[in-house]
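The values are calculated or read from the model by the stated rules, or taken from the named source; none is laboratory data. Keep in mind that this is a model prediction, so the values were computed, not measured. We place every Cβ from the backbone using ideal geometry, glycine too, and count neighbours over all the protein chains shown. For accessibility, only protein heavy atoms count, side chains too; no ligands or nucleic acids. Shrake-Rupley method; radii C 1.70, N 1.55, O 1.52, S 1.80 Å.
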Amino acid sequence: MAKWADYGVCAVRYNSSHTHIDRVRVRPDNGDTIGAVAEYSRADIVDALKRGVTFVTILQDGSGKWVKGQAIFIIRVNGVEYIKTVDNSRAVDNLENLPEF
């Protein structure tokens with residue numbers, strides 16, 4: 001397996017209004033394997049993206065194999081930075097409907 005990014009985001013947790021992601025579960029992309037899960041705040045991911053760390057969404061298929069999703073990037077809407085896979089200019093985070101925790 002070729003390396004997809006520095007990390008894969010595999011799950012999200014939203015705020016109480018369900019409008020913004022407040023935490024994510026992330027796994028390192030080791031090139032030939034996907035590493036152990038760790039949990040980070042949304043702000044940590046924004047900071048890492050600004051430093052050049054790359055992220056993609058990842059999902060497990062029916063056999064438990066990790067499948068690459070879309071690249072994650074920062075989009076600013078009305079002065080607020082959101083983590084997204086699609087630049088739709090909407091004031092919500094969007095990470096491809098990843099599973100919630």
Please work out if Val37 is closer than 24 Å to Arg90 by Cα and within 13 Å of the chain's Cα centre (by Cα). no
Could you say which residue among Arg23, Arg27, Arg42 is of a type in the set (Lys, Arg), within 19 Å of Pro99 (Cβ to Cβ) and in contact with a helix residue (DSSP H, G or I) (Cβ under 9 Å, 6 or more places away or on another chain)? Arg23
List every residue pair whose Cβ atoms sit under 6 Å apart, with the two residues 6 or more apart in sequence or on different chains, where the first one lies in region 46-71 and is within 17 Å of Gly35 (Cα to Cα) and open to solvent by 30 Å² or more (accessible area, probe 1.4 Å) and the second, anywhere, is in a loop (DSSP other than H, G, I, E, B) and at pLDDT 95 or above. Val53/Asp6; Thr54/Ala5; Thr54/Asp6; Lys68/Trp4
Of the conditions (1) among the hydrophobic types (A, V, I, L, M, F, W, C); (2) modelled with pLDDT of 95 or more; (3) surrounded by 12 or more Cβ atoms within 10 Å (Cβ to Cβ), Met1 clears all except one; give me its number. (2)
Of those in region 80-90 that are open to solvent by 50 Å² or more (accessible area, probe 1.4 Å) and either of a type outside the set (D, E, K, R) or touching a Leu at 6+ places or on another chain (Cβ under 9 Å) (or both), the residue nearest to Asp29 (Cα to Cα) is Val86
Under 9 Å by Cβ, and 6 or more places apart or on different chains, what pairs join a residue from region 28-41 that is part of a strand (DSSP E or B) with one that is acidic (Asp, Glu) and surrounded by 12 or more Cβ atoms within 10 Å (Cβ to Cβ)? Pro28/Asp6; Asp29/Asp6; Ser41/Asp22
